[in-house]
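Worksheet: the structure to be examined is printed underneath.
The values are calculated or read from the model by the stated rules, or taken from the named source; none is laboratory data. It should be emphasised that the depicted structure is a prediction, and the values quoted were computed from it without experimental measurement. Here Cβ is always computed from backbone atoms with ideal geometry, including for glycine, and neighbour counts include all displayed protein chains.
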Amino acid sequence: MYPDPLLQCLKKHGQLLDSEIASATGIPLAKVRIALSDLALRGEISRCSVTRFDNGKPVEAMQCRISGYVPPASPGRKPNR
């Protein structure tokens, strides 16, 4: 169902930054960004622009997740409601 390595990575890890996807898959960041843009246009992923600050320096990134996918709940005790 998810033959694309980027989609496999997102399914396994959930929501990730483009730089995290690049390091996890071994694909250069520029190619990851192009592929993510294509996947977003096709509606396969949800993506947003994010600005993070590392030591006061702004870093632009894309945060992505698979569209409509909700990862399973983590094991362990759940709080009482």
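Miscellaneous remarks
- Taking the criterion of being surrounded by 13 or more Cβ atoms within 10 Å (Cβ to Cβ) and part of a helix (DSSP H, G or I), the residues of the range 1-14 that qualify are Pro5, Leu6, Leu7, Gln8, Cys9, Leu10, Lys11, His13.
- Complete set of residues in the range 24-45 that are closer than 14 Å to Gln63 by Cα and free of Cβ contacts under 8 Å to residues at least 12 places away in the same chain: Leu29, Ile34, Ser37
- Within the range 25-81, tally of residues that are outside any strand (DSSP E or B), β-branched (Val, Ile, Thr) and closer than 13 Å to Cys9 by Cα: 3
- Check on Ala40, at pLDDT below 90 and at negative phi: no
- Residue in the range 15-29 that is modelled with pLDDT under 90, among the hydroxyl-bearing types (Ser, Thr, Tyr) and loosely packed, with under 15 Cβ neighbours inside 10 Å present: no
- Scanning the range 58-80 for residues that are among the basic types (Lys, Arg) and either within 28 Å of Val32 (Cα to Cα) or at pLDDT 80 or above (or both) yields a count of 1.
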